[in-house]
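A.B. asks: The structure follows.
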Amino acid sequence: MTKSNSRESDYPIDSIFLDRWSPRAFTGEIIEEKQLLSLLDAAHWAPSSSNQQPWRFIYGLKGSEHWEKFVALLNDSNQEWARHASALIFVVSRAFTGAAGSAEEKPSYTHSFDAGAAWGYLALQARLSGFYAHGMGGIKHEEIRTAFAIPEGYRVEAGIAVGHLADKSVLSERYQAREFPSQRKPLSELAFNGRFVVN
(Lines give C-alpha, C1' and ligand atoms only; values in the text may rest on other atoms or scores of the structure.)
Protein backbone atom coordinates (compact mmCIF):
# COMPACT_ATOMS: atom_id res chain seq x y z
CA MET A 1 0.00 0.00 0.00
CA THR A 2 1.24 3.50 -0.86
CA LYS A 3 -0.16 6.79 0.46
CA SER A 4 0.73 10.27 -0.73
CA ASN A 5 -0.92 13.54 -1.74
CA SER A 6 -4.34 12.58 -0.28
CA ARG A 7 -4.30 9.48 -2.47
CA GLU A 8 -3.89 5.82 -1.66
CA SER A 9 -2.89 2.81 -3.73
CA ASP A 10 -3.61 -0.75 -2.63
CA TYR A 11 -0.26 -1.80 -4.06
CA PRO A 12 3.37 -0.81 -3.46
CA ILE A 13 3.97 1.75 -6.20
CA ASP A 14 6.30 4.75 -6.26
CA SER A 15 4.73 7.83 -4.70
CA ILE A 16 5.44 9.89 -7.85
CA PHE A 17 2.37 8.31 -9.44
CA LEU A 18 0.19 9.64 -6.61
CA ASP A 19 1.96 13.00 -6.44
CA ARG A 20 1.34 13.71 -10.12
CA TRP A 21 -1.98 15.45 -10.71
CA SER A 22 -3.43 18.09 -13.02
CA PRO A 23 -3.95 21.43 -11.29
CA ARG A 24 -5.33 24.56 -12.92
CA ALA A 25 -3.80 27.09 -10.52
CA PHE A 26 -0.47 28.26 -11.92
CA THR A 27 1.80 31.10 -10.79
CA GLY A 28 2.52 32.40 -14.28
CA GLU A 29 6.27 32.38 -13.66
CA ILE A 30 8.48 32.43 -16.72
CA ILE A 31 10.05 29.07 -17.57
CA GLU A 32 13.41 28.89 -19.31
CA GLU A 33 13.32 27.10 -22.64
CA LYS A 34 15.98 24.63 -21.49
CA GLN A 35 13.78 23.69 -18.51
CA LEU A 36 10.88 22.90 -20.84
CA LEU A 37 13.17 21.03 -23.21
CA SER A 38 14.19 18.81 -20.30
CA LEU A 39 10.53 17.75 -19.93
CA LEU A 40 10.20 17.20 -23.66
CA ASP A 41 13.41 15.20 -23.71
CA ALA A 42 11.98 12.84 -21.09
CA ALA A 43 8.82 12.55 -23.23
CA HIS A 44 10.77 11.59 -26.31
CA TRP A 45 12.26 8.58 -24.50
CA ALA A 46 8.80 7.02 -24.14
CA PRO A 47 8.14 3.51 -25.53
CA SER A 48 7.31 3.50 -29.22
CA SER A 49 5.98 0.80 -31.53
CA SER A 50 8.77 -0.18 -33.97
CA ASN A 51 10.60 2.91 -32.63
CA GLN A 52 8.50 5.10 -34.94
CA GLN A 53 8.36 7.94 -32.36
CA PRO A 54 5.20 9.47 -33.88
CA TRP A 55 4.87 12.26 -31.30
CA ARG A 56 5.53 15.89 -32.22
CA PHE A 57 5.45 18.82 -29.79
CA ILE A 58 4.71 22.44 -30.66
CA TYR A 59 5.39 24.72 -27.71
CA GLY A 60 5.02 28.33 -26.68
CA LEU A 61 6.59 30.01 -23.66
CA LYS A 62 4.86 32.63 -21.55
CA GLY A 63 6.33 36.03 -22.30
CA SER A 64 7.25 35.08 -25.87
CA GLU A 65 5.84 36.56 -29.07
CA HIS A 66 3.90 33.31 -29.60
CA TRP A 67 2.13 33.16 -26.23
CA GLU A 68 -1.21 34.79 -27.07
CA LYS A 69 -1.48 32.69 -30.24
CA PHE A 70 -1.18 29.52 -28.15
CA VAL A 71 -3.68 30.73 -25.55
CA ALA A 72 -6.20 31.61 -28.27
CA LEU A 73 -6.03 28.03 -29.58
CA LEU A 74 -7.48 26.66 -26.33
CA ASN A 75 -11.20 26.38 -25.71
CA ASP A 76 -12.51 29.41 -23.82
CA SER A 77 -12.92 27.55 -20.52
CA ASN A 78 -9.28 26.43 -20.62
CA GLN A 79 -8.04 29.88 -21.65
CA GLU A 80 -9.37 31.22 -18.35
CA TRP A 81 -6.80 29.37 -16.25
CA ALA A 82 -4.15 28.09 -18.70
CA ARG A 83 -3.07 31.62 -19.66
CA HIS A 84 -1.34 31.65 -16.24
CA ALA A 85 0.79 28.60 -17.06
CA SER A 86 4.46 28.98 -17.94
CA ALA A 87 4.30 27.00 -21.19
CA LEU A 88 1.68 25.56 -23.52
CA ILE A 89 2.31 22.53 -25.68
CA PHE A 90 0.29 20.96 -28.46
CA VAL A 91 0.84 17.24 -29.02
CA VAL A 92 0.59 16.01 -32.59
CA SER A 93 1.08 12.43 -33.76
CA ARG A 94 2.19 11.09 -37.13
CA ALA A 95 -0.56 8.69 -38.23
CA PHE A 96 1.50 6.75 -40.76
CA THR A 97 4.80 4.92 -41.08
CA GLY A 98 7.28 5.12 -43.92
CA ALA A 99 8.04 8.12 -46.10
CA ALA A 100 4.98 10.23 -46.92
CA GLY A 101 3.67 9.52 -50.40
CA SER A 102 5.97 6.55 -50.94
CA ALA A 103 5.10 2.89 -51.45
CA GLU A 104 6.27 2.29 -47.87
CA GLU A 105 3.67 4.65 -46.37
CA LYS A 106 1.19 2.71 -44.24
CA PRO A 107 -1.33 3.69 -41.56
CA SER A 108 -0.02 3.48 -38.00
CA TYR A 109 -2.36 1.73 -35.60
CA THR A 110 -0.53 2.87 -32.45
CA HIS A 111 0.36 6.51 -33.12
CA SER A 112 -2.09 7.93 -30.55
CA PHE A 113 -1.18 5.22 -28.03
CA ASP A 114 2.50 6.12 -28.34
CA ALA A 115 1.83 9.86 -28.12
CA GLY A 116 -0.11 9.21 -24.92
CA ALA A 117 2.88 7.37 -23.47
CA ALA A 118 5.06 10.38 -24.29
CA TRP A 119 2.61 12.70 -22.53
CA GLY A 120 2.77 10.45 -19.45
CA TYR A 121 6.56 10.65 -19.40
CA LEU A 122 6.39 14.44 -19.71
CA ALA A 123 3.91 14.69 -16.83
CA LEU A 124 6.10 12.60 -14.54
CA GLN A 125 9.27 14.50 -15.45
CA ALA A 126 7.43 17.77 -14.82
CA ARG A 127 6.59 16.65 -11.31
CA LEU A 128 10.14 15.42 -10.68
CA SER A 129 11.41 18.83 -11.85
CA GLY A 130 9.16 20.87 -9.56
CA PHE A 131 6.51 21.64 -12.18
CA TYR A 132 2.98 20.41 -12.82
CA ALA A 133 1.49 19.49 -16.19
CA HIS A 134 -2.19 19.51 -17.08
CA GLY A 135 -3.31 17.71 -20.23
CA MET A 136 -6.25 19.19 -22.15
CA GLY A 137 -8.64 17.80 -24.73
CA GLY A 138 -10.33 21.20 -24.81
CA ILE A 139 -8.35 22.75 -27.65
CA LYS A 140 -9.27 24.05 -31.10
CA HIS A 141 -8.02 21.09 -33.09
CA GLU A 142 -8.76 22.33 -36.60
CA GLU A 143 -7.56 25.86 -35.87
CA ILE A 144 -4.29 24.40 -34.54
CA ARG A 145 -3.91 22.40 -37.74
CA THR A 146 -4.36 25.57 -39.79
CA ALA A 147 -2.26 27.84 -37.54
CA PHE A 148 0.79 25.58 -37.75
CA ALA A 149 0.23 24.25 -41.30
CA ILE A 150 0.00 20.66 -40.04
CA PRO A 151 -0.48 18.42 -43.08
CA GLU A 152 -2.83 15.50 -43.56
CA GLY A 153 -1.55 12.33 -41.96
CA TYR A 154 -0.89 14.02 -38.63
CA ARG A 155 -3.41 14.09 -35.79
CA VAL A 156 -3.70 16.97 -33.33
CA GLU A 157 -4.03 15.01 -30.08
CA ALA A 158 -4.14 17.34 -27.07
CA GLY A 159 -2.75 20.37 -25.31
CA ILE A 160 -0.61 20.55 -22.18
CA ALA A 161 -0.19 23.43 -19.73
CA VAL A 162 3.02 23.44 -17.66
CA GLY A 163 3.87 25.62 -14.69
CA HIS A 164 4.48 26.04 -10.99
CA LEU A 165 1.59 25.40 -8.63
CA ALA A 166 -0.23 28.44 -7.21
CA ASP A 167 -2.76 28.68 -4.42
CA LYS A 168 -6.24 27.83 -5.66
CA SER A 169 -7.42 31.31 -4.66
CA VAL A 170 -6.13 32.54 -8.05
CA LEU A 171 -8.92 30.57 -9.73
CA SER A 172 -12.58 31.41 -10.21
CA GLU A 173 -14.96 29.86 -7.67
CA ARG A 174 -16.06 27.11 -10.04
CA TYR A 175 -12.48 25.97 -10.53
CA GLN A 176 -11.50 26.37 -6.89
CA ALA A 177 -14.08 23.71 -6.02
CA ARG A 178 -12.36 21.26 -8.40
CA GLU A 179 -8.75 22.05 -7.47
CA PHE A 180 -7.61 18.87 -5.76
CA PRO A 181 -5.98 15.59 -6.81
CA SER A 182 -8.70 13.36 -8.22
CA GLN A 183 -9.15 9.79 -7.09
CA ARG A 184 -9.28 6.72 -9.32
CA LYS A 185 -11.70 3.84 -9.79
CA PRO A 186 -10.74 0.62 -8.00
CA LEU A 187 -8.24 -1.36 -10.04
CA SER A 188 -10.68 -4.29 -9.97
CA GLU A 189 -13.01 -2.27 -12.24
CA LEU A 190 -10.27 -1.80 -14.83
CA ALA A 191 -8.03 -4.88 -14.84
CA PHE A 192 -9.36 -8.42 -15.47
CA ASN A 193 -7.59 -11.75 -15.24
CA GLY A 194 -8.34 -13.83 -18.35
CA ARG A 195 -11.56 -12.07 -19.34
CA PHE A 196 -13.09 -8.74 -20.32
CA VAL A 197 -15.84 -7.07 -18.33
CA VAL A 198 -18.11 -4.36 -19.70
CA ASN A 199 -18.80 -1.76 -17.01
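A.B. asks: Just one of the numbered conditions (1) in contact (Cβ under 8 Å) with a residue 40 or more places away in the chain; (2) over 29 Å from residue 41 (Cα atoms); (3) of a type in the set (Val, Ile, Thr) is not true of residue 144; which one?
C.D. replies: (2)
A.B. asks: Do you know which of the residues in segment 10-55 that are basic (Lys, Arg) and under 16 Å from the mean Cα position of the chain (by Cα) is farthest from residue 161 (Cα to Cα)?
C.D. replies: 20
Quick grid of which residues meet (1) exposed (fewer than 12 other Cβ atoms within 10 Å of the Cβ); (2) closer than 30 Å to residue 106 by Cβ; (3) in contact with a His (Cβ under 6 Å, 6 or more places away or on another chain); (4) among the β-branched types (Val, Ile, Thr):
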residue: 2; (1), (2), (3), (4): no, no, no, yes
residue: 6; (1), (2), (3), (4): yes, no, no, no
residue: 11; (1), (2), (3), (4): yes, no, no, no
residue: 16; (1), (2), (3), (4): no, no, no, yes
residue: 22; (1), (2), (3), (4): no, no, yes, no
residue: 28; (1), (2), (3), (4): no, no, yes, no
residue: 35; (1), (2), (3), (4): no, no, no, no
residue: 38; (1), (2), (3), (4): no, no, no, no
residue: 46; (1), (2), (3), (4): no, yes, no, no
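A.B. asks: In the list 110, 97, which residue meets the criterion of being at pLDDT 95 or above and over 23 Å from residue 142 (Cβ atoms)?
C.D. replies: 110
A.B. asks: Starting from segment 35-55, keep only residues that are under 11 Å from residue 118 (Cβ atoms), then list their pairs with residues that are of a type in the set (S, T, N, Q) and open to solvent by 60 Å² or more (accessible area, probe 1.4 Å) whose Cβ atoms are within a distance under 9 Å, requiring at least 6 positions of separation or different chains.
C.D. replies: Matching pairs, first to second residue: 44/53; 46/53.
A.B. asks: Any idea how many residues of segment 15-39 are in a helix (DSSP H, G or I) and either in contact with a Pro (Cβ under 9 Å, 6 or more places away or on another chain) or at positive phi (or both)?
C.D. replies: Result for segment 15-39: 2.
The values are calculated or read from the model by the stated rules, or taken from the named source; none is laboratory data. Keep in mind the model is a prediction, meaning the values are calculated, not measured. Don't worry about glycine lacking a Cβ; one is built from the backbone with ideal geometry, like all the others, and counts go over all protein chains shown. These accessible areas exclude ligands, DNA and RNA; they are computed on the full protein's heavy atoms, side chains included. Shrake-Rupley method; radii C 1.70, N 1.55, O 1.52, S 1.80 Å.
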